[in-house]
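Below is one structure, written out as C-alpha cells, with a few remarks after it.
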Amino acid sequence: MSVIREIYISNFRGIKELKWWPNLGINCLIGPGDGGKSTILDAIELAIGSKQSFSFTDADFHRCNIEQPIIIDVTLGELEDDLRNIEAYGHFLRGRDSQTGEIHNETSAAHETVLTVRLIVRDDLEPQWLLFSEGAAAEGRERNLQWKHRQKIAPTRLGTVASHHMALGPRSVLGKISQDKAQASAALAAASRQARKAFADQGCDGVDEILTTAARIVGNMGIPVETVSALLDVRGATFSGGAIALHDDDQVPLKSLGSGSLRLLVAGLQKAVGQSSISIIDEVEFGLEPYRIIRLLDALGAKTNDQTQQVFMTTHSPVVLRELSSVQLFAVRTRRSVIPAVVVDGIEQQPAQATTENGLFSLGIGEDAQKTLRACAEAFLAPNVIVCEGKTEIGLLRGRDLWGQSQNQRSILAHGCHWADGGGSSMIERAKIFVRMGYRTALFMDSDVAYDAGVYTDLTTQGVSVFRWQDGYSTEAALFASVPAAQVVNLLNIACEWRSEDSINGKIQHVSGGLYSLQSCRDNFSGDMRQVLGQCAGDGKWFKDIEPAERAIREVLAPVWQNTNPLFTGPLNAISDWIMASHTVQVVHNNNGGQE
C-alpha cells in the first residue's frame with residue numbers, strides 16, 4: 001500500500017509555505033484555531049483524492065495573492081508494481097534517501113522509488129493534477145495518474161458527517177468493499193423496472209382531471225399520441241448506487257445512527273476495505289464519549305503503532321492526546337507579522353509587507369516527551385504554557401486567577417494560557433519540550449534548590465521566561481515570609497483542614513525544638529515564627545496540592561495583595577504581565593527542535 005513520504009504546500013489558504021515528512025501510523029495535528037491544521041488535511045485530500053471537481057476561489061490563495069499559484073505536492077512511497085511501471089510513469093519516478101529524507105531526481109538501487117503528485121492552481125482557478133519531477137518538468141513532459149491508480153491511493157476522509165458512507169455510493173467506503181459492482185447495478189435496474197410495473201398496475205388516484213385535460217389538448221393540437229397515462233418516469237425511477245443502504249433489524253437506515261456510532265462503524269469498514277492505506281479524520285473526538293474515543297483510536301492502531309496504515313487527524317481533546325505516543329503528535333504553528341515600510345527622507349521606498357511563517361513541530365520520542373504528554377495533555381492544546389514546578393505552584397496560579405475572575409478580570413484561559421505540571425525535577429526539560437514545539441513558554445519555580453546560572457541562561461536563550469522566588473526561598477518559605485501578620489492564622493487554618501491540627505502542631509514543635517506550638521503561633525504570632533512556619537509548611541507538605549495552595553491565594557493573600565511582601569507578589573505579578581501580553585504575541589521557535 002502506498003504511503004505519503006513528503007508533503008509540500010505553497011500559497012494555499014493560511015499556509016505560505018510548508019514542508020512535512022509524516023510518519024507511518026498516526027499523525028495527529030494540534031494547534032490553535034486558524035493555524036492550518038484542517039488546511040493540511042484538505043491539501044492531502046485535494047492532491048491525491050478521487051474527487052477532481054473542487055471549485056477554487058481567490059480566497060483559497062494565501063492572502064488572496066493570485067499572482068503566485070497554489071502548489072500542493074504529495075510524494076508517495078512503498079509504491080505498488082503498477083505505480084512503478086516504467087512504461088507508464090518512468091519519466092516521473094524519483095529516488096528517496098530513507099536516511100535523510102532527501103528526494104533525488106533519479107531512481108537508484110540505494111534509494112526508495114517514489115512518485116510525486118502535484119496539484120497546481122493558477123489565477124484562472126482551474127485545478128490541474130500532474131505527476132512531477134524536475135527532469136520531466138525540464139523536458140516539458142506532463143502526465144497525470146491513471147484513474148484506476150488514483151482510486152487506489154485516494155484517502156478515505158472521515159468527517160463530522162459520515163452518513164453518506166452507509167450507502168453504496170461512488171465516494172462511499174461501502175463502494176470500495178466489493179470489487180464486483182455489476183450485480184448491484186443489475187439488481188437496481190431490476191428494482192426500477194419492478195417499481196414502474198407495480199405503479200402501472202396499481203394506478204394513481206387523483207390524476208383523472210389531469211389526464212382528461214392533457215388528452216383533450218393532445219387531440220386538439222394534433223399531437224400523434226393515442227392515449228395519455230400517469231406512470232413512473234423511467235429516468236425518475238432509476239436508482240443510483242446510493243439507493244442501496246445498510247439497515248438494522250428494524251429496517252431503520254444505519255445512517256440514522258448517532259454521529260459517534262457512525263464514525264466508529266465507518267472507521268471499521270474503512271480498515272476492512274484495505275484499498276488505500278491513507279485515512280483523514282478531522283476532529284477525531286467529534287460525537288464520541290471518552291471510552292469510545294479510546295476504542296476508535298485502538299481501531300486506528302494508536303497503541304499497536306500499526307505501520308500498515310497512515311492516519312492524518314486533528315484533535316482538540318486531551319483524552320485523545322493521552323492515548324497517543326509522543327512520536328504521533330505534531331504542533332502546527334503559524335506566525336503572522338508585518339515588515340515595516342522603508343522610508344528614506346520622507347519618501348516610502350518600500351511599503352509595509354505582511355508575512356507568514358508556517359512550521360510543523362514533532363514532539364519526538366523519548367521517556368521525557370511521553371511523560372510530558374501524559375501529565376500535561378491540556379497544556380498542549382493552548383498556545384501559551386506556564387510550566388509549574390509542582391501542584392503547589394499550579395494551585396497558586398489557579399487561586400490568583402479565580403480571585404481575579406471574581407473581580408471581573410479576564411481568566412488565564414481567556415488569554416490562551418494553560419498551566420502544566422512540571423513534575424518537580426522534570427520541570428526544566430518539560431519547559432524545553434514545550435518551547436521546542438513552538439509554544440510561548442514560561443517556567444514558574446521555587447528557588448530552594450540551587451541551579452547553576454548557566455541553567456537559567458540556557459532557558460532564556462531557548463525562549464523560556466523564568467519566574468521564581470528570591471534565591472534560597474521555597475514556595476512555602478516565600479509564602480510565610482510575605483503574608484501579612486493578621487492573615488497567618490488563616491493560612492494555618494487551611495493547613496489544619498488539609499493535614500489535621502495534631503500533624504501541624506507536631507511539626508511546629510519539632511522544627512522549633514519545642515519553642516513554638518500551633519496555639520502560640522495562632523495567639524501570639526511574631527516575626528520570628530515566619531522562618532519556622534515556612535520550613536514546617538515545606539517539610540510537612542502543608543500546601544503540596546492544588547486545592548490548599550489555591551485556597552491560600554484566593555481566600556488569604558489575594559484580598560490583601562497590596563499589603564503582601566513583594567518577595568511573594570513580585571514573581572506572580574510578573575507572571576500576570578506575561579499572561580496579559582499573550583493575546584498580542586504569536587511566537588514560533590525553531591531551535592532545531594522540530595520539522596519546519
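The values are calculated or read from the model by the stated rules, or taken from the named source; none is laboratory data. All of these numbers come straight from a predicted model, not from anything done at the bench. Note that each Cβ is placed from the backbone with ideal geometry, even for glycine, and that neighbours are counted across all protein chains shown.
Which of the residues belonging to the range 525-551 are assigned to a loop (DSSP other than H, G, I, E, B) and either closer than 28 Å to SER406 by Cβ or without any contact (Cβ under 8 Å) to a residue 40 or more places away in the chain (or both)?
As a first pass, look at the range 525-551 and keep what is assigned to a loop (DSSP other than H, G, I, E, B): 525-528, 540-545.
Listed by number, the residues that qualify are PHE525, SER526, ASP528, LYS541, TRP542, PHE543, LYS544, ASP545.
Could you please find all residues in the range 103-127 being surrounded by fewer than 14 Cβ atoms within 10 Å (Cβ to Cβ) and either farther than 30 Å from ARG63 by Cα or among the polar types (S, T, N, Q) (or both)?
The answer is ASN105, GLU106, SER108, ALA109, ALA110.
Among residues belonging to the range 552-583 that are more than 23 Å from ASN490 (Cβ to Cβ) and without any contact (Cβ under 8 Å) to a residue 24 or more places away in the chain, point out the one that is surrounded by the most Cβ atoms within 10 Å (Cβ to Cβ).
The residue in question is ALA581.
Does ILE40 fit the bill of being within 26 Å of VAL320 (Cβ to Cβ), assigned by TED's automatic domain parsing to the domain that holds GLN146, touching a Leu at 6+ places or on another chain (Cβ under 6 Å) and surrounded by 21 or more Cβ atoms within 10 Å (Cβ to Cβ)? First the steps, then the outcome.
Working: within 26 Å of VAL320 (Cβ to Cβ): yes; assigned by TED's automatic domain parsing to the domain that holds GLN146: yes; touching a Leu at 6+ places or on another chain (Cβ under 6 Å): no; surrounded by 21 or more Cβ atoms within 10 Å (Cβ to Cβ): yes.
Against the criterion (within 26 Å of VAL320 (Cβ to Cβ), assigned by TED's automatic domain parsing to the domain that holds GLN146, touching a Leu at 6+ places or on another chain (Cβ under 6 Å) and surrounded by 21 or more Cβ atoms within 10 Å (Cβ to Cβ)), ILE40 does not qualify.
Any residue in the range 429-438 that is aliphatic (A, V, I, L, M) and either more than 25 Å from ILE365 (Cα to Cα) or assigned to a strand (DSSP E or B) (or both)? Outline the logic, then answer.
From the range 429-438, those aliphatic (A, V, I, L, M) are 431, 433, 435, 437; that's our starting set.
Then drop every residue that is not either more than 25 Å from ILE365 (Cα to Cα) or assigned to a strand (DSSP E or B) (or both), which leaves none.
Among the residues of the range 429-438, not one is aliphatic (A, V, I, L, M) and either more than 25 Å from ILE365 (Cα to Cα) or assigned to a strand (DSSP E or B) (or both), which makes the answer no.
Residues ILE44, ILE9: which one is under 23 Å from GLY95 (Cβ atoms) and over 16 Å from the mean Cα position of the chain (by Cα)? Working first, answer last.
On the way: ILE44 fails: over 16 Å from the mean Cα position of the chain (by Cα).
Among ILE44, ILE9, only ILE9 is under 23 Å from GLY95 (Cβ atoms) and over 16 Å from the mean Cα position of the chain (by Cα).
Filter the range 135-166 down to the residues that are of a type in the set (Val, Ile, Thr) and outside any loop (DSSP other than H, G, I, E, B), then identify the one that is modelled with the highest pLDDT. Give the steps one after another, and end with the answer.
Quick first cut of the range 135-166, residues of a type in the set (Val, Ile, Thr) only: 153, 156, 160-161.
Retained after the next criterion (residues that are outside any loop (DSSP other than H, G, I, E, B)): 153, 156.
Values: ILE153: 90, THR156: 83.
The selected residue is ILE153.
Condition first: polar (S, T, N, Q) and either outside the structural domain of ILE153 (by TED's automatic domain parsing) or closer than 21 Å to SER2 by Cβ (or both). Now tell me which residues in the range 101-128 satisfy that. Reasoning before the result, please.
Step one: filter the range 101-128 for residues polar (S, T, N, Q), giving 105, 107-108, 113, 116, 128.
Those that are polar (S, T, N, Q) and either outside the structural domain of ILE153 (by TED's automatic domain parsing) or closer than 21 Å to SER2 by Cβ (or both): ASN105, THR107, SER108, THR113, THR116.
I'd like to know if the range 230-252 contains one or more residues that are within 30 Å of ALA154 (Cα to Cα), of a type in the set (A, V, I, L, M, F, W, C), assigned to a loop (DSSP other than H, G, I, E, B) and at pLDDT 75 or above.
Taking every residue of the range 230-252 in turn, none turns out to be within 30 Å of ALA154 (Cα to Cα), of a type in the set (A, V, I, L, M, F, W, C), assigned to a loop (DSSP other than H, G, I, E, B) and at pLDDT 75 or above.
Mind checking which residues of the range 27-70 are on the phi > 0 side of the Ramachandran plot and touching a Gly at 6+ places or on another chain (Cβ under 6 Å)?
First pass over the range 27-70, keeping only residues on the phi > 0 side of the Ramachandran plot: 31, 34, 36, 63-64.
GLY36 - this is the single residue of the range 27-70 that is on the phi > 0 side of the Ramachandran plot and touching a Gly at 6+ places or on another chain (Cβ under 6 Å).
In this structure, is LEU515 modelled with pLDDT of 95 or more, in contact with a Phe, Trp or Tyr (Cβ under 9 Å, 6 or more places away or on another chain) and surrounded by fewer than 16 Cβ atoms within 10 Å (Cβ to Cβ)?
no
At pLDDT below 95, crowded, with 19+ Cβ neighbours inside 10 Å and among the small types (Gly, Ala, Ser) - does that describe any residue in the range 302-317?
yes
If you check ARG96 against the conditions, is it under 25 Å from THR356 (Cα atoms) and among the basic types (Lys, Arg)? So that I can check it myself, show each step before the final result.
Working: under 25 Å from THR356 (Cα atoms): no; among the basic types (Lys, Arg): yes.
Judged against the criteria, ARG96 is not a match.
Which condition breaks for ALA442 when tested against (1) touching a Gly at 6+ places or on another chain (Cβ under 7 Å); (2) outside any helix (DSSP H, G or I); (3) buried (at least 20 other Cβ atoms within 10 Å of the Cβ)?
It fails just one condition, (1).
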